[in-house]
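Notes for the one structure printed next.
Read-outs: derived from the displayed coordinates by stated rules, not from any lab. Only a predicted model underlies this, so the values are computations on that prediction, with no experimental measurement involved. Cβ atoms come from the backbone with ideal geometry, glycine included; neighbour counts cover every protein chain shown.
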Amino acid sequence: MKKKQAYRHATGVMYYDMETAMPKGGAEDFAKTMGVLSEEIYKMETSEELKALVAELYEHKDELDEITRREVEEHQESIARIACIPMEEYVDYESTVSMASSVWQKAKQENDYKLFEPYLKKLIDYNRKFALYYAPEKDPYDTLLDQYEKGMNREMLDRFFDEIAKAFRPLVEKTAAKRDEIDDSFLFKNYPIDLQDKLSREVMQLMGIDGNYCTLGEVEHPFTDNYSKHDVRITTHYHEDMLASSFYSVVHEGGHALYELNTGDELIGSPLASGASMGMHESQSRLFENIIGRSYAFVKAIYPKILALFPEQLKGITDVDFYRAVNKSVPSLIRTEADELTYCFHVMIRYELEKQLIGGTLSTEELPEKWKELYEKYLGIRPETDTEGCLQDSHWAGGSFGYFPSYAIGSAYGAQIMESMKKDVDVDACVAKGDLSPVNAWITEKIWKYGMLKKPAELIRNACGAAFDPKYYVDYMTKKYNQLYKL
Ligand code: ZN
């Protein structure tokens, strides 16, 4: 286990370095190194010795303590997922992923989809093939979805998205008709990056993120990485002409960081010392970014600091103006910049496309056009370029198919968790005072400290006293946008 952790640590830091420091020209060497390391990881994961040990423990799992039992289950699954793949294919896949990120970045910068397309095709083919190796009788996209969120499948998501779309579509239409009522133009003035960086530090402090164990880096596409609860790294991207972009990106990644930083000490060194699933992880980041971060209480707490940093840009703007501006809803092309209301449609579009790409009913040649079509269908706008279209996100270049729905499921988890937290904690009152510690303490107790010890469904039950129900998300959004736009 220590050796596995060490490899994970080493390759993780190398990926972080690739994103933050590596010169573009280093991409091919990086891919070669990752190929060699992935071969070592493959050999270790699939060694007869490890397989036999895990199999024996698995047979006696009812006799094990809770932590060891869950570790054995996780090992069993990770071995099963990897051992069904021939080594050459595994190594080739890992090298392809390492290379694809750099190619995708270039393709996005130059709006050149053709450059990225062969990589995308290869990654899709591999993902489909690997899913079928693992579960030959199951639909490959269902297998991929299940990897990010246990139990998530097309049937469940089709129902979920149907319900959400039905509730949100009228809200999108009504708010679009009243879009001029909210002025957000001041968010797009000139905001020097060094001052935005100061603001990032302020907001991290407000959230209760310990700088001893969490750093902030700058990248093209923000993400969070962690190697243990003692080394968590969040990232952001500053735009000089967009204040809210990096600000909310830091709050989002900060939510991921809090989860990792607050896993239980009893899990240190264990593979269970990490978020329970991608859906649970996104529930925490989106809870902080939107439900807390875009609440009036949070804006009230942080606005004096923002105003002190940017007195000229925000002259005459009150905290209420700021709160309304960061919640303005307008259909737009870029998922990561989308408002809370239209966001779900960006996820739905990607879900539709992934289903078809993995299912083999949509080719990579047809993807750019299909993307544009779906944006017109769902949001009434059409991207002019692929940079603003199918090249905008990094997930597919990283080999992640089936990840996007986690954002929507996570948003819905978050709404239900908040509803439950409010029964025990006066969230608005402590957030408005700038003291998030009661919030963090509540979530630590209900969710964070368990890491992967409990599964998502169990965590929701633990935090909310009931099973997952998307109605909390629908109610929360309906109430919020009715109030904001006086619908
Ligand atoms: Zn996230």
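Quick notes
- The convex hull drawn around the Cα atoms of the range 151-308, when projected onto a plane and averaged over every direction, covers 11.7 nm².
- FRET efficiency, Asp183 to Arg382 (Cβ-Cβ, R0 25 Å, nearest 0.05): 0.45
- Over the range 287-352: Kirkwood hydrodynamic radius from C-alpha pairwise inverse distances, Å: 13.2 Å
- Projection of the Cα convex hull of the range 59-137, averaged over all directions and equal to a quarter of that hull's surface, yields 7.5 nm².
- Amide N of the range 236-263 lying under 19 Å from the label point, which is placed 7 angstrom from the Cα of Ala308 along Cα→Cβ: 247
- Percent of Cα pairs in the range 2-146 per distance bin of 10 Å, from zero to the largest separation: 10, 31, 35, 18, 5, 1.
- Percentage of interatomic Cα-Cα distances in the chain larger than 33 Å: 37 percent
- Chain lengthening between Ser78 and Lys106 when straightened (0.36 nm per residue, less Cα-Cα): 6.8 nm
- Annotation: amide H of Glu218 within the under-5 Å range of Thr236, sequence separation 5 or more or interchain, hydrogens built in the peptide plane.
- Each label point was placed 7 Å from the Cα along the Cα-to-Cβ direction; for Glu66 and Ala52 their separation is 3.3 nm.
- Separation of the Lys114 and Met14 label points, Cα + 7 Å toward Cβ, nm: 3.3 nm
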